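Step one of this worksheet: look at the structure below.
The values are calculated or read from the model by the stated rules, or taken from the named source; none is laboratory data. None of the values given here were measured: they were computed from a predicted structure. Methodologically, a virtual Cβ is constructed for each residue, glycine included, from the backbone with ideal geometry; neighbour enumeration extends over all protein chains shown. Accessible surface areas use protein heavy atoms only, side chains included; no ligands, DNA or RNA. Shrake-Rupley method; radii C 1.70, N 1.55, O 1.52, S 1.80 Å.
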Amino acid sequence: MERGEAYGFSAVLSGNFLLSCLLFAVTNRRQRGPYMDEAFHVPQAQAYCHGRFLQWDPMITTLPGLYLASVGVVKPAAWLFGWTGSVVCSAAMLRFINLLFSAGNFYLLYLLLLKIHQKNKAVSGFQRILSTLTLAMFPTLYFFTFLYYTDPGSVFFTLFAYLMCLYGNHKTSALLGFCGFMFRQTNIVWTVFCAGNVVAEKLNEAWKTELQKKKDEKISSRKGSFSDLMRILRFLIKYLISLKNLVTLTALTWPYIVLVTVFFVFVFVNDGIVVGDRSSHEACLHFPQLFYFLSFTVFFSFPHLLTPTKIRKFLLSLRKHPVQYSLIAVLSLFLIWKFTYVHKYLLADNRHYTFYVWRKIFQRHELVKYILVPVYLFAGWSFADTLKSKSIFWILMYFVCLLAVTVPQKLLEFRYFILPFLIYRLNIPFPSLYRQLLELAFYIVVNAVTFYLFLNKTFQWPNSDEIQRFMW
């Protein structure tokens, strides 16, 4: 990092943290007590603060990583500064832990952008800092910085594990992946993703060697024609059935293999992935979740994905390959028909934005979910088109992880899309400065509207005296 870029980064990080602290103070004045899922998280953390580590709320579905991390920060701070009484593990103090995780995420996002795009000398330090600020203010993640939820810590340890993986520190990466798993069990998928990065890199090297042997310059390690893909598939099978190659890959990825083994032991002993309230978190094959994620990504990345050039390229591709797109459309219709699930929380809780998305769009008519297939096709094509700079093996690995982390979820919940979105956004090529500024401005507007609604547009349910607020 050059000196000027270092000063600029420090200034932006400090400014972002200061702004977040001011917003944090306003949020805590308006909402002093626990809200929504905080009603479970805050008392559980307070029990840990008082040394009651065997106490557990059966409604909590995640492992105790958040509470252990909170006690590990709050208790030493209380001893150092002489804090006593209820302030030590108050809701505000526990929420502040996420503000610290948010600052850590800012730094990790910058380091990841620096590492992933290190070969692109055309990217300026200003662009890196701008993209870091934009991703740090990603609305769905940024909002939960100010509440005591698992998301900021979950993102912190997962991004940290990804960074260590890219630097080749795989034992450290696996250890950090375990910390992420302790925050949310589904983060084990991103441990597999880290291992997949290593495997994809080795596959790409072997594929390039294969091409040199055959002196066939027409086939690349990226997306191509159907015959190219079939040839890559044959190579993939041949490579993975080789005992020598499997031994090499195992030697490289054994820390991740150990962690995944621990995960399967946990699932066996726990008789499932969810702890606590399992009735509301049943796994299923909810394939339309992939379509919702793609639409979500297009919405939050519209400066990059929803452009006139992209639309023209998509229409041209549609005209060149009508049969392939027709088959994908038919498959999409079938998946929507047979595998659409509507969780009871989605229909009942009018505090979440997903409630209004579902009611205003999908519940207007039974056919709406089928009519949206062309939108999903464009979203999927545009999404894949921005990843064409990555190797086909990386894309395949990411897509498998994306399916694993979204499809089993019955509930449509935007928080579940945070990590797959950030991984995607970190790996696409740097857009123009104009599009970066447009993206940042859009995020600022969305955050401003979200906090205005949360803080000022309160309401009450007929059968309750509690103040209700709108949120993600």
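Net charge of the neighbourhood of TYR35, taken over other residues with C-beta under 11 Å away and scored Lys/Arg +1, Asp/Glu -1, is +2. Counting only residues at least eight positions apart within a chain, or on another chain, the aspartates and glutamates with an alpha carbon under 20 Å from that of LYS244 are GLU201, GLU205, GLU210. Projecting label points 7 angstrom from Cα along Cα→Cβ for TYR167 and VAL262 puts them 2.0 nm apart. As a ratio to 2.2 N^0.38 Å, the alpha-carbon radius of gyration computed for the chain takes the value 1.01.
Considering only PHE183, LEU68, GLY82, and ranking their Cα positions along the charge dipole of the chain that arises from unit charges at the beta-carbon of Lys, Arg, Asp and Glu, the one farthest toward the positive end is PHE183. Relative to the longest principal axis of the Cα atoms of the chain, helix 322-339 runs at roughly 30 degrees.
Of all lysines in the structure, those lying under 28 Å Cα to Cα from LYS369, and not within fewer than 8 positions of it along the same chain, are LYS310, LYS313, LYS320, LYS338, LYS344, LYS360, LYS410. Computed extension length for THR309-SER227: 26.8 nm, one decimal, from 0.36 nm per residue of separation with the Cα-Cα distance subtracted.
Among the cysteines of the chain, those with no neighbouring cysteine Cβ under 4.7 Å are CYS21, CYS179, CYS284, CYS401. Taking all protein chains as they are arranged and a probe of 1.4 Å, the heavy atoms of PHE459 leave approximately 40 Å² accessible to solvent. Per residue, the chain exposes an accessible area of 49 Å² to a 1.4 Å probe, with every protein chain left in place.
The mean sequence separation of alpha-carbon pairs under 8 Å and at least six residues apart, normalised by the residue count of the chain, gives a relative contact order of 20 percent. Working from Cα pairs under 8 Å separated by at least six residues, relative contact order for the stretch 282-431 is 47 percent. Here the label points at VAL342 and LEU18, each 7 Å from Cα along the C-beta direction, are separated by 4.9 nm in the simple model.
Each 5 Å bin, from zero up to the one with the longest distance, holds this percent of the alpha carbon pairs of the stretch 282-431: 2, 8, 17, 21, 22, 16, 9, 4, 1. Between the helical axis of 91-116 and the longest alpha-carbon principal axis of the chain there is an angle of about 20 degrees. Inter-part distance, the stretch 423-472 to the stretch 146-201, computed on C-alpha centroids, equals 25 Å. Local charge for GLU413 was computed over the other residues whose Cβ lies under 15 Å away, with Lys and Arg +1 and Asp and Glu -1, and equals 0.
Taking the Cα atoms only, what angle lies between the long axis of helix 65-81 and the longest principal axis of the chain, rounded to 10 degrees? Roughly 50 degrees between the two axes. Positive-end ranking of ILE328, PRO34, TYR356 along the dipole of the chain, with charges on Cβ about the Cα centre, is headed by ILE328. Reducing the stretch 100-134 and the stretch 51-75 to their Cα centroids gives an inter-centroid distance of 32 Å.
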